[in-house]
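Since every read-out is calculated from the coordinates, none of them should be taken as a lab result. As the structure is a prediction and not an experimental result, all values here were calculated from the model. Don't worry about glycine lacking a Cβ; one is built from the backbone with ideal geometry, like all the others, and counts go over all protein chains shown.
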Amino acid sequence: MTANHNPGPDPRGEAALLRSLGRLARGLSALFWGLPVALVVSAETARADWLKPLGLLPVLAANALLLYGLWLLGGFNKTERPWLRALDRAKFTGLINFGLCPFVYWHNKMPGQLYFTTMVVVLQLTALIFLYHLNQVIERLGAMLPDETLRHETRQFTALNRSLLVTLLLLAGAYVGLLQVPQPGATISLILVWIEHGGFWLLVFFALLPLAMTMALLWKTKEVILDSVFGARR
């Protein structure tokens, strides 16, 4: 009579899972710090002189940090197609941002060049699109993790973030379209003045608020992952 043998958990599989979760946590940290660093460095490169001696290095390094974070996330759950598609879209827009970010430096050196100015505007638009796709990545990641509270919060707040970003893009498109009107009437002129005077607060509400909420979701997701790893090993 042969005794039944019930093998325990495969240590190699457990080690691979821990490595995958570790890469995931590091990727989320890189994205958490990379978002504000990319924003501040790009803004300072565009208007200040103290970064000029460093040339393109600061703005390239900031955008490379975001790509590095996405690359680390790519090692997690390679069989989940919606997750991989969302990640690929974010990587694609991140690569576009990386290719366009040198124009911020060149625009600072030659502000009168229309081509450089246009490329900076395009970079601003693709940066918003990147943030939109990053929220999709966070939503897909939250759906795969076993924390129900995190799943609910990521679904709710990423939807809000995407709505705000789409609204900002539509407002920007409407503003550009209204500027092309050859002889704007009183109503159009009033709308343009309202957008110009309220531009800062529109940017704060429709861009910086989603950025802040995205950072909060990245941090909370990372904390949930770390707690699930170290909490299970106590």
Open item on the list: Within 9 Å, Cβ to Cβ, of ARG140, how many net charges do the neighbouring residues add up to if Lys/Arg are +1 and Asp/Glu are -1?
Closed with: -1
Open item on the list: Give me, ordered by chain and number, the residues 5 or more places off ASN77 or on other chains with an amide H under 5 Å from its own placed amide H.
Closed with: none
- [ ] Give me MET119, MET215 ranked fewest to most by other Cβ atoms within 10 Å of their Cβ, as a rough exposure proxy.
- [x] MET215, MET119
